[in-house]
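Worksheet for the structure shown next.
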Amino acid sequence: MQQFLQEVIVVTNDFLWSKLLIIMLLASGLFFTFKSKFFQVRLLKDMFRVLKEGAPDKNGISPFQAFCISMAARVGTGNITGIAIAIALGGPGAIFWMWIIAIIGSASSFVESTLAQIYKIKDKDGFRGGPAYYMEKGLKKRWMGALFAVLITLSFGIVFNAVQSNTITVAFENSFGTDRLTLGIIITIAFGIITFGGIKRIAKLSEYIVVFLAVLYIGVAVFVMLMNITKLPDVISLIVGHAFGLEQAAGGAIGAALMNGIKRGLFSNEAGMGSAPNAAAAATTSHPVKQGLVQALGVFTSTLVICSSTAFIILFSDAYQEPGLSGIELTQASLSTHIGAWASGFLAIMVFLFSFSTLIGNYYYGETNIEFLHTNKAWLFIYRICVLAMVIFGSVSKVQLVWDLADLFMGLMVIVNLIAIFLLSKVAFAALKDYVKQRKAGKDPVFYKDVLENHEGVECWERSGTEQKTESKNAI
């Protein structure tokens, strides 16, 4: 049964990823880049500047906190295991295309997060929103929002959590010889206590732990790079050469590098996928574009810094040339060649902390979107049972099956979200134009919904009575 399921998933993925999704991702990213006049370059300083802003009220979270939340979801197995899989399947050239998709994809991330801010709604805890909300309120398509809510619940809450548990159990089996099923049961029990107990403070704490771990991981990578600094030019040459098939005789080499670079790059930075906007919408900020810039910076940080760290750790060793090594095992073997055998256990523990925190974050992505669909607690109970079952399933399944499932649902999410943000991009670019105009006037940009030609579905961003009087006086 598992073999049949994997064959069906592989065929579907080949159809999605061979042409359709690659064209959609590249075309939309390039379109948004040109329409924004290469904001990635001209507004780079602003990306760092807006991180310093605090939350204006006690109910909201600051742009930096929203950045930390989205980074907690981005940083994990995709940055450690996913990059190793990309190199194993697509060769070193996959890293080059991963860099390209990060630069181009940051434009998609900017648009989706800006839209999430514009169409967010206020609740008792602050703000909430995301793709399901801008599809319903911006496009007036409740069905589309519901479809996306189902897809992100299946992707993050269920399938991606199988990826996390799979990575944990494989890493521990490789380092300590632990039984995968036994460890999977322990993880499921601990995870169940948290999710059924609704202890959101633990989830918050996990997010900040992930940020600390990311800094630690980058530090290890920098140490490895310094140890092998003389090899750096050769590794860069290797990456670029393989990206264009210059080093390979096989005719499909470029395609394999391109496909795996884009797939694994998207899994790690989530640009255009529609996940980060859920965190972006929760931030309290004076202008939607500010949060769009913050999330674009998150794409750069996730891919150009953290994923590249893993890539250099692997490519500075010869482990990637050994047959049969892939995923977390390849990263462990590579790091061990640099700093000793203890590195395998060190990385296994780090992956456990990364992945367990991401388990919780992914769960709450799904829970939020289930609440968009229906407030009935019975649906939430069913969802929790499904999540726990998938954690067990992932802990004992073959690595490739779990990642193929993740690719399938990730691809479906991307298709729905890219269509929505393309149709609503005019709104995001109107907000960007307003932001740039105020910045040129020397102001700290403040957004009001009447800047938009059509703001019927926008619930927040009203002018106060005082501001309306000031505006009228200026007009006279």
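The listed residues HIS287, HIS374, once ranked by accessible area (1.4 Å probe) with the largest placed first, stand as HIS374, HIS287. Computing FRET efficiency as 1/(1 + (r/R0)^6) for CYS386 and LYS140, where r is the C-beta to C-beta distance and R0 is 35 Å, gives about 0.70.
On the beta carbon distance between ASP444 and LEU304, with R0 = 35 Å, the FRET formula returns roughly 0.80. Spin-label model, LYS122/GLU456: points 7 Å from Cα along the beta carbon direction are separated by 2.4 nm. 3J(HN,Hα) couplings calculated from phi for the stretch 96-113 with the Karplus curve 6.51 cos²θ - 1.76 cosθ + 1.60 (θ = phi - 60°) are, in sequence order, 4, 5, 5, 5, 4, 5, 5, 5, 6, x, 4, 5, 5, 5, 4, 5, 5, 6 Hz; Gly and Pro show x. From most to least packed by mean Cβ count within 10 Å, the peptides 238-244, 127-133 give 127-133, 238-244. FRET efficiency for the pair LYS433 and PHE48, taken as 1/(1 + (r/R0)^6) with r the Cβ-Cβ distance and R0 = 30 Å, rounds to 0.90. Computed on protein heavy atoms with a 1.4 Å probe, the accessible areas place LYS290, LYS37, LYS443 in the order LYS37, LYS443, LYS290, largest first.
For ARG439, the accessible area of its heavy atoms, probed at 1.4 Å with every protein chain present, is near 90 square angstrom. Among the listed pairs LYS37/LYS122; LYS35/LYS426; LYS19/LYS137; LYS122/LYS437, those with a Cα-Cα distance over 21 Å are LYS37/LYS122; LYS19/LYS137; LYS122/LYS437. The relative contact order of the stretch 312-416 comes to 13 percent, based on Cα pairs under 8 Å that sit 6 or more residues apart. Considering only ASN369, MET390, LEU353, and ranking their Cα positions along the charge dipole of the stretch 264-419 that arises from unit charges at the beta-carbon of Lys, Arg, Asp and Glu, the one farthest toward the positive end is ASN369. Computed packing ranks the peptides 80-87, 295-302, 211-218 as 80-87, 295-302, 211-218, most packed first, by mean other Cβ atoms within 10 Å. When each of the peptides 176-184, 103-111 is scored by how many other beta carbons lie within 10 Å of its residues on average, the order from highest to lowest is 103-111, 176-184.
The values are calculated or read from the model by the stated rules, or taken from the named source; none is laboratory data. Only a predicted model underlies this, so the values are computations on that prediction, with no experimental measurement involved. Because the Cβ atoms are built from the backbone with ideal geometry, glycine has one as well, and the counts that use them run over all protein chains shown. Note: accessible area is taken over every heavy atom of the protein model, side chains too, but ligands, DNA and RNA are not part of it. Shrake-Rupley method; radii C 1.70, N 1.55, O 1.52, S 1.80 Å.
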